[in-house]
1. When only residues in segment 148-169 that are closer than 19 Å to residue 197 by Cα and assigned to a strand (DSSP E or B) count, which is farthest from the chain's Cα centre (by Cα)?
2. When residue 256 is evaluated against the numbered criteria (1) modelled with pLDDT under 90; (2) farther than 24 Å from residue 184 by Cβ, which criterion, by number, is the only one it fails?
3. With respect to residue 467, is the statement that it is in a strand (DSSP E or B), at pLDDT below 85 and farther than 16 Å from residue 62 by Cβ true?
4. Please tell me if residue 190 is closer than 30 Å to residue 33 by Cα, modelled with pLDDT under 95, touching a helix residue (DSSP H, G or I) at 6+ places or on another chain (Cβ under 8 Å) and surrounded by 14 or more Cβ atoms within 10 Å (Cβ to Cβ).
5. Got at least one residue in segment 133-147 being assigned to a strand (DSSP E or B), surrounded by 13 or more Cβ atoms within 10 Å (Cβ to Cβ), without any contact (Cβ under 8 Å) to a residue 60 or more places away in the chain and more than 26 Å from the chain's Cα centre (by Cα)?
6. Only one of (1) within 30 Å of residue 471 (Cβ to Cβ); (2) under 20 Å from the mean Cα position of the chain (by Cα); (3) surrounded by fewer than 17 Cβ atoms within 10 Å (Cβ to Cβ) is not met by residue 105, so which one is it?
7. Report the residue count in segment 279-293 for those that are touching a helix residue (DSSP H, G or I) at 6+ places or on another chain (Cβ under 6 Å) and surrounded by fewer than 18 Cβ atoms within 10 Å (Cβ to Cβ).
């Protein structure tokens, strides 16, 4: 278990770009390299390039439920009271959510009505939902709480680091429709997850031999991992030790590639409605990974009733704890699995409606200037606004989001984006982005949940992103 935590923490140090799942700041951002994943049918520059020497760095974390401010605010309240109050407000559908896309190398080019792109990026995501009933057991114990159940279905978490090689194609059709697709090859450096569990634990104050009867009722508990078999330390009464140097070497080796391969696609379509209106539908990361490298999974199942130990002092000593352990292992066996397994990717679904503003010709660019004339030359970058609906399934936990965005082109070298979104993690999320360029060199700076900066300890998530790329 110690090595699992070493692996998870080490993975964080190799991540440079972290982006949350529902990202309004880059969705449908004209000619932005990151937009080709969530909106494969989006337009591209004639030629664009991202290299490791020109980094793109973004960071975001989202947290629903109580925050650090709820627990540690200097408001004179007792910490235990604040913890109990926070526990009353936590729901099993709340938790922590992160995602990363570190675009190491990518290029795209456009020829007539077709566009092509390819590249390599690293994706890191974490989600974990609050096991509320386990929190209550840890805080209150089982004193005077008979019949209160601990639900194993609340154990739902996933951590994974994936390398992705992609190649894509987009086309503008004579009818006005736009389509796009990205083909992807996945290689997972490591994964640990648990979901789809069932069963309960509770106690009854009606034991025959002792006061309490503890019950494990029809438990089905699964923890899947790949790439962690050599990192897991088994408890053998001190007979095993951790070789920290070997652990670090193994982590670095896994980051260079494993035998966990998968396939996937991004699909997108844009449909003209009438005049300036356009609808879009896209799906990102529709695919699977076959895990076959150093798998180590656990599966526990069964039921057990335990009334404690009725201490007797016979002439021949009895190993009570050993008997209990053996009886529990017989009634609730834990199987160690090394077999190959498959997992679907947590695909994302976007649908949007966009309105393009009329504008005035300024340096061959159509910039929105209300009441100052109209300029509708095709192919010029008009300002536009849109609304977006988002869905993602996190191992049985649906994640919904909705928002609106305004892309404001103020000059041929400068444009802004203003967003407002709401999802399960942040109810009122205002974001702002700016992108500018000097010749072919483009740079951008973005941030969302601007209201959260007034009190970071009470914030449910913060995002800041900056980066550069070449576009011609």
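1. Residues of segment 148-169 closer than 19 Å to residue 197 by Cα: 148-159.
Imposing the further condition that a residue be assigned to a strand (DSSP E or B) reduces the set to 150-151, 157-159.
On the way: 150: 26, 151: 24, 157: 10, 158: 9, 159: 9 Å.
Across segment 148-169, the extreme among qualifying residues is 150.
2. Single failed check for residue 256: (2).
3. Yes, satisfied.
4. Here the answer is yes, as residue 190 does meet what is asked.
5. Here is the first cut: in segment 133-147, the ones assigned to a strand (DSSP E or B) are none.
For segment 133-147, residues assigned to a strand (DSSP E or B), surrounded by 13 or more Cβ atoms within 10 Å (Cβ to Cβ), without any contact (Cβ under 8 Å) to a residue 60 or more places away in the chain and more than 26 Å from the chain's Cα centre (by Cα): absent.
6. Among (1) within 30 Å of residue 471 (Cβ to Cβ); (2) under 20 Å from the mean Cα position of the chain (by Cα); (3) surrounded by fewer than 17 Cβ atoms within 10 Å (Cβ to Cβ), residue 105 violates only (2).
7. Restricting attention to segment 279-293, the residues satisfying the condition of being touching a helix residue (DSSP H, G or I) at 6+ places or on another chain (Cβ under 6 Å) are 284.
With the extra rule that they be surrounded by fewer than 18 Cβ atoms within 10 Å (Cβ to Cβ), the set shrinks to none.
Residues in segment 279-293 being touching a helix residue (DSSP H, G or I) at 6+ places or on another chain (Cβ under 6 Å) and surrounded by fewer than 18 Cβ atoms within 10 Å (Cβ to Cβ): 0 in total.
This table checks each residue for (1) closer than 30 Å to residue 104 by Cβ; (2) at pLDDT below 90; (3) within 32 Å of the chain's Cα centre (by Cα).
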residue: 239; (1), (2), (3): no, yes, no
residue: 244; (1), (2), (3): yes, yes, yes
residue: 271; (1), (2), (3): no, no, yes
residue: 274; (1), (2), (3): no, yes, no
residue: 286; (1), (2), (3): yes, no, yes
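The values are calculated or read from the model by the stated rules, or taken from the named source; none is laboratory data. Please read all numbers here as calculations on a predicted model, not as lab measurements. Backbone-built Cβ (ideal geometry, glycine too); neighbour counts: all protein chains shown.
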